[in-house]
Amino acid sequence: AAAELQVGGTSPTSRWSWLTGAPATLLFEQTVPGELPPDALEELPAEIQQRVGTLGQASVVARTLTWQSETPNKTRSLHVVVTSNEGKTHIRIEERLNQLAGALFGGLVGGLGAGAGGASLGVALGVMGSAVLAVALPLGAVTGSYFAARTIFSTMVTRRREVLQDLLRHLSEVVSDAASDTAGDRLPEGAKQPGRLPP
């Protein structure tokens with residue numbers, strides 16, 4: 001089944017996606033038929049960490065696994081919730097990149113762009129004596145740094161989206177396999193199984 005994908009749907013920063021070039025929140029949700037046994041649910045954190053390439057903290061309460069990871073500077077915040085009950089398993093993966101966007105655009109546009117713009121302003125007026133260049137050079141520096149930040153952020157979000165999609169597919173497969181194994185174990189005595197003759 002195809003995953004239900006929502007990207008930045010309810011995030012306060014989603015309205016600025018056109019400005020940053022990509023949403024600052026990635027949200028993936030999917031419901032898979034079948035339940036995970038408790039022992040399989042407790043093994044999922046290792047699967048998650050292997051797929052996303054980062055360590056996190058996990059807790060299992062009432063058939064619900066919550067796994068989260070956050071960098072010290074909070075430029076990445078990833079949450080995974082897997083709830084397994086009533087014959088189905090719901091997977092929710094959310095990653096917030098708001099702080100990353102702020103650091104990237106603030107550093108390149110506010111730091112590099114403004115700094116280079118100020119230097120070019122002095123050159124244009126003091127050395128070249130041109131009022132036109134005094135406006136064009138700083139504007140070009142800021143604009144160039146903005147598009148550089150936009151391109152970098154968009155590329156990073158695309159890569160994170162691919163990682164999370166892969167994680168969603170993998171977790172769905174784990175649930176489906178576990179549900180199939182559980183169903184096979186619960187076959188009534190005397191029921192036919194592939195490759196076996198009835199008693």
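Roughly how many nanometres apart are two label points built 7 Å out from the Cα toward the Cβ at residue 43 and residue 74? Those two pseudo-labels are separated by 3.7 nm. Kindly provide the trypsin sites (Lys or Arg not before Pro) of the range 31-95 that DSSP labels as loop, not H, G, I, E or B, and whose Cβ sees at most 15 other Cβ atoms within 10 Å. The qualifying sites are 74. Given their separation in residues at 0.36 nm each and the Cα-Cα distance between them, residue 62 and residue 88 gain 7.9 nm when the chain is fully extended.
When the residues 18, 67 are ordered by accessible surface, computed with a 1.4 Å probe over the protein chains alone, the sequence from largest down reads 18, 67.
The values are calculated or read from the model by the stated rules, or taken from the named source; none is laboratory data. None of these values were measured; they are calculated from a predicted model. Note: ideal-geometry Cβ built from the backbone for every residue, glycine included; neighbour counts use all protein chains shown. We work out accessible area using only protein heavy atoms, side chains counted, and drop any ligands, DNA or RNA first. Shrake-Rupley method; radii C 1.70, N 1.55, O 1.52, S 1.80 Å.
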